[in-house]
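The values are calculated or read from the model by the stated rules, or taken from the named source; none is laboratory data. This structure is a prediction, so every number in the text was calculated from the model and none was measured. As a convention, Cβ positions derive from the backbone with ideal geometry for all residues, glycine included, and neighbour counts pool all protein chains shown.
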Amino acid sequence: MANPRRLNGPRDFSELLGATLGTARIARGVQRARALLVWPQAVGPEIARMTRPRSQQGGTLFVEVRDSAAAHHLTMQRHHFLKRLNELLGEQKITEIRFSVGTVRSPTPAPRVAPLPAPDRARARELVRNVDGDLRDVALKAAEAITRARKWREEQGWRPCPVCGEASREQPCRACLLTLEDPNVKRAARTLTRAPERLAALPPLLGDSGANAARYIALQTLEGQLDLLALECVRSGGEEGYRAFLFQQAEVYLALHHRRPRSALMAKDRAALPERVRQVLGAGR
């Protein structure tokens, strides 16, 4: 059935009138809202904290305050507020402001920011150990600022990132999360699970952050493998082949964890192994 009103044809008068009145109502509502919105700007932050503009009826603005004494005082000063309001509103005129006692919420105090702690001077000196000459003093001050920020984050409950060691809310930190996704880092990690001594050669290729990320991935991979091998040793009743392979992988893990050659590992270094692995290796002695 065709629409009785032609497309793009003349519109019914009542339809046009309704649209016009609706637009006018919206406009009036926006104008009334403007008076409430500009109130803090008109009266300033101190009075804005102790008042709350409630509504506008005609040219009268109704404002709530905390107590009767404040209402009386502000009523005596309302001519100042009227002048400033009308300057901000332009053509719209507020002719009266009425203050009454109501509920005005106290502003939420801003959280106190803990001051930065004293710098960790020993760590700062370690950071600039390779800096010589005129730049050393400047580098030392920068390093002290870094250590202060790190100590502050640690005092706020942040923990060291398991990859780079810097205090972070996220674990690993955001920067390291990006590095862990690098394909070159992932390839280097696979190499480290077989040859942990290659770790020392990675910084020139991947940088310190890339080398640390590859080490972290390799340790995570090895830890999972060790856990499965320990479980198979238990299931097989201590079969020597499983135990020998477990011992070999444990050495790779420890060399990577302690950043030392496998030949330099000692019995006390086993404390870094996962608990189940330590128990299985200890039971086989």
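For (1) among the hydrophobic types (A, V, I, L, M, F, W, C); (2) exposed (fewer than 10 other Cβ atoms within 10 Å of the Cβ); (3) farther than 30 Å from ILE97 by Cβ; (4) modelled with pLDDT of 85 or more, each residue gets a yes or a no:
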residue	(1), (2), (3), (4)
PHE13	yes, yes, yes, no
LEU16	yes, no, yes, no
GLN31	no, no, no, no
ALA35	yes, no, no, no
TRP39	yes, no, no, yes
VAL43	yes, no, no, yes
MET50	yes, no, no, yes
PRO53	no, no, no, yes
GLN57	no, no, no, yes
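All of LEU256, LEU281 fail the test of being assigned to a helix (DSSP H, G or I) and more than 29 Å from ASP208 (Cα to Cα), apart from LEU281.
Taken as a whole, the structure places ARG235 among residues that are basic (Lys, Arg) and modelled with pLDDT under 90.
Tell me, please, whether a residue that is closer than 24 Å to PRO119 by Cβ, surrounded by 15 or more Cβ atoms within 10 Å (Cβ to Cβ), in the same structural domain as ALA143 (by the TED database) and among the acidic types (Asp, Glu) can be found in the range 161-171. Yes, because at least one residue in the range 161-171 is closer than 24 Å to PRO119 by Cβ, surrounded by 15 or more Cβ atoms within 10 Å (Cβ to Cβ), in the same structural domain as ALA143 (by the TED database) and among the acidic types (Asp, Glu).
When the range 257-285 is filtered for residues that are free of Cβ contacts under 8 Å to residues at least 24 places away in the same chain and small (Gly, Ala, Ser), the ones remaining, listed by number, are SER263, ALA264, ALA267, ALA271, ALA272, GLY282.
Step by step: first the residues of the range 203-238, then only those that are surrounded by fewer than 18 Cβ atoms within 10 Å (Cβ to Cβ) and more than 26 Å from PRO172 (Cβ to Cβ), then the one that is nearest to the chain's Cα centre (by Cα). Which residue is that? Looking at the filtered set, the residue picked out is LEU231.
Report, by residue number, each residue of the range 98-116 that is modelled with pLDDT of 80 or more and in contact with a Phe, Trp or Tyr (Cβ under 6 Å, 6 or more places away or on another chain). Matches in the range 98-116: ARG98 only. Residues of the range 175-215 that are of a type in the set (Gly, Ala, Ser) and outside any loop (DSSP other than H, G, I, E, B): ALA175, ALA188, ALA189, ALA200, ALA201, GLY207, SER209, GLY210, ALA211, ALA213, ALA214. The lone criterion from (1) touching a Ser or Thr at 6+ places or on another chain (Cβ under 8 Å); (2) closer than 17 Å to ARG259 by Cα; (3) without any contact (Cβ under 8 Å) to a residue 24 or more places away in the chain left unmet by ALA201 is number (1).
Considering the conditions (1) loosely packed, with under 13 Cβ neighbours inside 10 Å; (2) touching a residue at least 12 places away in the same chain (Cβ under 8 Å), GLY241 is excluded by exactly one of them, (2).
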